[in-house]
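Note sheet for the following structure.
The values are calculated or read from the model by the stated rules, or taken from the named source; none is laboratory data. Since the structure is predicted, the reported quantities are computational estimates derived from the model, not experimental observations. Here the Cβ is made from the backbone with ideal geometry for all residues, glycine too, and neighbour counts use every protein chain on show. Only protein heavy atoms, including side chains, enter the accessible area calculation; ligands, DNA and RNA are left aside. Shrake-Rupley method; radii C 1.70, N 1.55, O 1.52, S 1.80 Å.
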Amino acid sequence: MSSSDDTLAAARAALHRSRTGEPERGVGGALKRGAVLGAVASLPVAGIGLIGGAVIGAGAAALDALTKD
C-alpha cells in the first residue's frame, strides 16, 4: 500500500469512529467531525494537503456551531 492509501484508510477509520457511539455535544465535537471530513475531502485536491483540509474543515464546523441559534 502506498502512503496515500494508508492515509485514506486512517481517515476513514477516524470518520467511522466519530460516527459510532454517543455523539459529542458542543463545539469540540463539531471541530473533530469537521477536521476529519475536511482532511478526507482534501485528499484529491492538490496543494491543500491533509493538515490544511483539517484546519479548513474544523474552522467551518466551528463557525457553523457557534453561529447557530
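Among residues of region 27-55 that are in contact (Cβ under 8 Å) with a residue 40 or more places away in the chain, those with a Cβ under 9 angstrom from a residue that is surrounded by fewer than 17 Cβ atoms within 10 Å (Cβ to Cβ), sequence gap 6+ or separate chain, pair up as LEU50/THR7; LEU50/LEU43.
Scanning region 10-59 for residues that are part of a helix (DSSP H, G or I) and on the phi > 0 side of the Ramachandran plot, which turns out modelled with the highest pLDDT?
Our first condition is that a residue be part of a helix (DSSP H, G or I); within region 10-59, this holds for 10-19, 26-41, 49-59.
Subsequent filtering for residues that are on the phi > 0 side of the Ramachandran plot retains 26, 49.
Values: GLY26: 70, GLY49: 82.
Ranking the candidates gives GLY49 first.
May I ask you to verify whether VAL40 is farther than 14 Å from ARG12 by Cβ, under 10 Å from the mean Cα position of the chain (by Cα) and either open to solvent by 80 Å² or more (accessible area, probe 1.4 Å) or among the β-branched types (Val, Ile, Thr) (or both)? Considered against the rule, which asks whether it is farther than 14 Å from ARG12 by Cβ, under 10 Å from the mean Cα position of the chain (by Cα) and either open to solvent by 80 Å² or more (accessible area, probe 1.4 Å) or among the β-branched types (Val, Ile, Thr) (or both), VAL40 comes out as no.
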